[in-house]
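Okay, so here's the structure we're looking at.
Derivation of every value follows stated rules applied to the coordinates shown; laboratory data play no part. Given the structure is predicted, the values throughout are model-derived calculations rather than measurements. Counting neighbours? That spans all protein chains shown, and the Cβs are built from the backbone with ideal geometry, glycine included.
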Amino acid sequence: MFHQAISAGIEGIDGYIVQVEADVTKGVPQLNIVGLPDVAIRESKDRIRSAIINSDLHYPNKRIVINLSPSDIKKSGSHYDLPIAISILDSEFKYDEEKLERMALIGELSLNGKLQKVEGVVSFILAVCNRPDLKAIIIPAENAQEAQVVSDVDIYIANDLVEVSDYLRGKCVLEQVKKTTEKETTKEAIQPNFEDVKGNLVAKRAAEISAAGYHNFLMIGAPGSGKSMIAKRMSGIMSSMDNEEYLEVSKIYSSVGKFNDEILRRLRPFRAPHHTSTTKSIIGGGNQALPGEVVLAHKGILFLDEMLEFQKRTLETLRQPIEDKYVQISRIKHSYQYPSDFLFLAATNPCPCGNHLNPSKDCTCNPYQINQYLHRASKPLLDRFDIFVEMLPIQFDEFKDTVQESSEKIRTRVLRAQEIQLNRYREKNYKFNSAIAVRDIETFCPLDDASEEFMKAAFDKFQLSLRSYHKVLCVARTIADLQESDRIELQHLSEAISFRRVLAKYWGS
Amino acid sequence: MLFSLANISNKKFSEFLTWLDDDIPDLNTILNCAVFSAKNRESIRIAYDGMDDFKKQLHHSHINVCSCFDKAYPQSLNELLYPPKILYYFGDIRLLQEFSISIIGSRKPTQYGIQCAYHFGKESAVHRIPTVSGLAMGIDGIAQSATVEHGGKTVAVLGSNLLEIYPKSNQSLATKIVSSGGLILTEYHHGNPTLPHQFVERNQMIAALCDALLVVEAAAKSGTMTTVDFALDIGRNIYAICGNIFSPNSSGTNRLIQSGAKLTMDLQDILEDYDLKPSAPIQRDVSSLSELEIQVLEAFEKNAQLHVEQIAGMTGRGIPEILGILNVLEIKSYVISTGNQLFCRI
């Protein structure tokens, strides 16, 4: 007899529908799985048998062949346990066909029949959404949290095999995942908060501009100057993810089993890989062509602390994902394109000992060492930063007792500036000032004669490269947006230039 | 030029000159001179054959030449034990006849050093006194760029050759020096690799070419201090700027002051020793500045150096505004950034 259940598989981060077919015939009792299963699926034989028997259900002592179709794609993961078990039990219970045909099943079984948490639930649900003939999906109860992300299909949660079996027999109802279509506004205070950062006003200002216009941002300064403190507070002043971003990010995190509470609260991901990370862990790769940190930072922040301590090769591979906003990973069996649209944030010391140009401490490095250290980052990589800030571990009495501005206040300004940008670029294929196309720059960033003259004088005086010109205009545009000014004034331009001078100072023009 | 091309040392050349009679010798007389070793003779012969080509190359690269027999050759160099036999230069060599001050110091200056170097470089420009320095990283380069920036003339003495300026980062400054009427000179011809000892010899030249030697910042044991030793040997006046006693970069200068160098706080301190009158300082016209700009400048009145945050606190304005205004003021040459968001009034 032929029985069928529906499940889903995952390729990269995208899901696809898999038919699980079971043929239960007379013969020597055995269970064979075909359709390019991996080891985890092969092992499911024993799990399924034990789970069915321990759930006090009847395991047919017959010859069983399971086929996972389409059978030309390699399948992996333990979530096929449930559909396989159900397709076998179908021979026994004759489930409601109507229900079974319109419902995908996902779940790993433990030996006592309980359903276990699996990876990639969001991708599976999205695959179901894309198929008009499918109406619902059953997932393990432990995955309920991430399932809230999608609202287009009915999502049922089950605790064990018996519940699913009873439901399909019409003997009970399953609990549905509560739908949260509305944006959950974060009422609670932003943590960590900019309130706790004393001084460093220039760096804070730079962080605000960076968040508002999605400008990549590099901090350079002595140890203990608060670089990491600023970085950790950046995601707090950014807008929360919109529905589309939320779904994309959930899909990525769910597919690697790292879905968490912060994503559910629509906070942007903040990824800070250590500087010993390998190129593969940053970009992605391995046998399965898995996504790396740049993908996990999608729609969020990738923060490289001690940037110049990273391997040069690793740093340089970042150039392509930053520019293209996606990363293509090809291995023998797989080739996937992952999205990687992130805000690139980095911090570094100015020299190996960290005290180069620090007025209060002496640097013990010689000029050659400093030069070597700084040039671990190539010019093309540095060109991908729009904002540079020098930081010093000093505080001034003037600001000792003043109350620092809170993240909430900064966030309000950032959101307002982003609204202006979204409105301005609604007909373009980019959203923010950092991405203004070169051909559009004159349209969106016009300068009056005085500003033009000022730019010329400044570039001459501060020895800025022509390449910086475009970047300065983009940053000036964001500054103008933060002040809700239609035009870029000389004042905005001048401020933007001060964030560019550091590059010329350390790396020459 | 022949001897320069043949890489004959200044010492050998001096010996040769004492041996030589007044009239100009031909190749055979030179080759018969007992001063030269067999190796020297060989290289002189090769150099002699290559002379025409070399002259063409010089002409092609617009490099000027001044040998020790020429009138333009600065007499001050003859005070050295072994004066350079030839000078290759870009720019105006007459500058070497004028009264000049040499501003030298550490290649890795502190904020204070940068500030001082800039100040004295600028002051010399204002008083139309040429500065002499080594176009090196740090104090040398900063002082010279300050002079050029304020319309002054400066002499850069190189330890490398004219076509391979070291450090490369000062290449653009070198171009500016020549175009502003300054001078870049060296005793080394192009085509030879630059060797470390050349920089010591360069220091000797700096010491000889200037009338007063101002040391901005120097560690007790440093290249700058060798220049000071050379200058003392030929009787130049040494001026030094005092610094923080805990800063290793000021240990050399403080020690110099202790042993008799004149503590210098102003260019006037140097000029008075030479009975030179300072030209009238230019009164800054602040009427063209905006209210905020004046307010920011006033903040500098009691402090030589201020941080952006301090200025914001003192003027009660926001950081964005202050950042913008400081760049404007810097372009107008009222303040200068010394890095790390610190600014000085100039």
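Brief remarks on what is shown
- In the calculated pair-distance distribution of the range B:77-161, the portion above 20 angstrom amounts to 34 percent of the Cα-Cα pairs.
- Computed [θ] at 222 nm, deg cm²/dmol, chain B (DSSP H ≥ 4; -39,500 (n - 2.57); rounded to nearest 500): -13000 deg cm²/dmol
- Kirkwood hydrodynamic radius of the range A:187-328, from inverse mean 1/r over distinct Cα pairs, in Å: 16.2 Å
- Compactness index (Cα Rg / 2.2 N^0.38 Å), the range A:105-149: 1.18
- Alpha carbon centroid spacing (whole Å) that separates the range A:328-368 from the range A:261-309: 14 Å
- Chain A - share of DSSP beta bridges that are antiparallel (%, nearest 5): 50 percent
- Net +/- balance of residues flanking residue A:111 in space, Cβ distance below 15 Å, scoring K and R +1, D and E -1: -2
- Exceeding the 21 Å Cα-Cα cut-off - candidates B:176/B:332; B:176/B:277; A:461/B:122; A:232/A:312; B:153/B:176: B:176/B:277; A:232/A:312
- A dipole drawn for the range A:439-509 from +1 and -1 charges on Cβ atoms has a positive end, and of A:491, A:474, A:451 the residue lying farthest that way is A:474.
- Residue-averaged beta-carbon neighbours from other chains (10 angstrom radius) around A:494-503: 5
- The range A:271-323 - Rg and Dmax from Cα coordinates, angstrom: 10.3, 29
- Per-residue Karplus couplings for the range B:6-17, computed as 6.51 cos²θ - 1.76 cosθ + 1.60 with θ equal to phi - 60°, are listed in order as 7, 6, 7, 5, 4, 5, 4, 5, 4, 4, 4, 5 Hz, Gly and Pro entered as x.
- Look at A:441, A:410, B:319 and count the other Cβ atoms within 10 Å of each Cβ; fewest to most, that gives A:441, B:319, A:410.
- Ranked by the mean number of other Cβ atoms within 10 Å of their residues, highest first, the peptides B:75-81, A:303-309, A:41-47 fall in the order A:303-309, A:41-47, B:75-81.
- Residues residue A:309 and residue B:78, FRET efficiency given R0 of 41 Å [Cβ-Cβ distance, rounded to 0.05]: 0.15
- Note, ³J(HN,Hα) from phi for the range A:21-29, Karplus 6.51, -1.76, 1.60, rounded to Hz, x at Gly and Pro: 9, 10, 10, 10, 10, 5, x, 5, x
- Shielding value for A:248-258 is 0, the average number of Cβ atoms from other chains within 10 Å of each residue's Cβ.
- Per-peptide average of other Cβ atoms within 10 Å, ordering A:287-295, A:102-110, B:11-19 highest first: A:102-110, A:287-295, B:11-19
- D_trans [Stokes-Einstein, Kirkwood Rh over alpha-carbon pairs] for chain A, 20 °C, 1.002 mPa s, µm² s⁻¹: 84 µm²/s
- Note on the protein assembly as shown: antiparallel DSSP beta bridges, both residues inside, total approximately 50 percent of the bridges counted.
- Check: chain A dipole with +1 on Lys, Arg Cβ and -1 on Asp, Glu Cβ, in debye: 1080 debye
- Calculated on C-alpha atoms, the gyration radius of the range B:75-225 divided by its Kirkwood radius gives an Rg/Rh of 0.93.
- Net charge, residue B:292 excluded, C-beta distance under 12 Å - Lys, Arg +1, Asp, Glu -1: -3
- Of all the options B:61, B:179, B:160, the one that moves most in a Gaussian network model of chain B with Cα springs shorter than 10 angstrom is B:61.
- Convex hull of the protein assembly as shown built on C-alpha atoms - directionally averaged projected area, nm²: 47.2 nm²
- Extended-chain gain in nm, criterion 0.36 nm per residue less alpha-carbon gap, residue B:19 and residue B:190: 58.7 nm
- Whole-Å semi-axes of the range A:1-139's equivalent ellipsoid (Cα gyration tensor): 22, 16, 15
- Once the chain from residue B:229 to residue B:67 is taken as fully extended at 0.36 nm per residue, the excess over their C-alpha distance is 55.7 nm.
- Projected label points at residue B:242 and residue A:442, each 7 Å from Cα along the beta carbon direction, are separated by 6.0 nanometres.
- The distance between label points at residue A:171 and residue A:465 comes to 7.2 nm (points 7 Å beyond Cα on the Cα→Cβ vector).
- Using only Cα coordinates, the Kirkwood hydrodynamic radius of the range A:52-94 works out to 11.9 Å.
- Distance from the C-alpha centroid of the range A:398-453 to that of the range A:99-161: 42 Å, rounded to the whole angstrom.
- FRET efficiency for the residue B:26 to residue B:92 pair, using the beta carbon distance and R₀ = 30 Å, is estimated at 0.35.
- Residue among B:255, B:317, B:202 with the largest mean-square fluctuation in a Gaussian network model of chain B, springs linking Cα atoms under 10 Å: B:317
- In sequence order, the range A:448-453 has phi-based couplings of 7, 4, 4, 5, 4, 5 Hz under the Karplus curve 6.51 cos²θ - 1.76 cosθ + 1.60, θ = phi - 60°, and Gly or Pro positions carry x.
- Å³ per residue enclosed by the Cα convex hull of chain B: 148 Å³
- Longest to shortest principal axis, alpha-carbon extents of the range B:207-346, angstrom: 54, 36, 22
- Charge context of residue A:448, other residues only, Cβ under 10 angstrom, K/R +1, D/E -1: -3
- Footprinting exposure proxy ranking of A:79, B:60, fewest other C-beta atoms within 10 angstrom first, gives B:60, A:79.
- Averaged over the residues of B:316-325, the number of partner chain Cβ atoms lying within 10 Å of the residue Cβ comes to 6.
- Semi-axis lengths, Å, the range A:189-233, gyration tensor of Cα atoms, sqrt of 5 times eigenvalues: 15, 15, 9
- Extension gain from residue A:73 to residue A:372, taking 0.36 nm per residue of separation minus the Cα-Cα distance: 102.8 nm
- Cα-centred dipole magnitude for the range A:237-289, charges only on beta-carbon of K, R (+1) and D, E (-1), debye, nearest 20: 220 debye
- Annotation: amide H of residue A:431 has no partner in the under-5 Å range at sequence separation 5 or more or interchain, hydrogens built in the peptide plane.
- About the Cα centre, charge dipole magnitude for the protein assembly as shown (Lys/Arg +1, Asp/Glu -1 at Cβ), debye: 1380 debye
- Each of the peptides A:10-16, B:51-57 was scored by the mean count of other Cβ atoms within 10 Å over its residues; in descending order, highest first, they stand as A:10-16, B:51-57.
- Of all DSSP beta bridges confined to chain B, the antiparallel ones make up roughly 45%.
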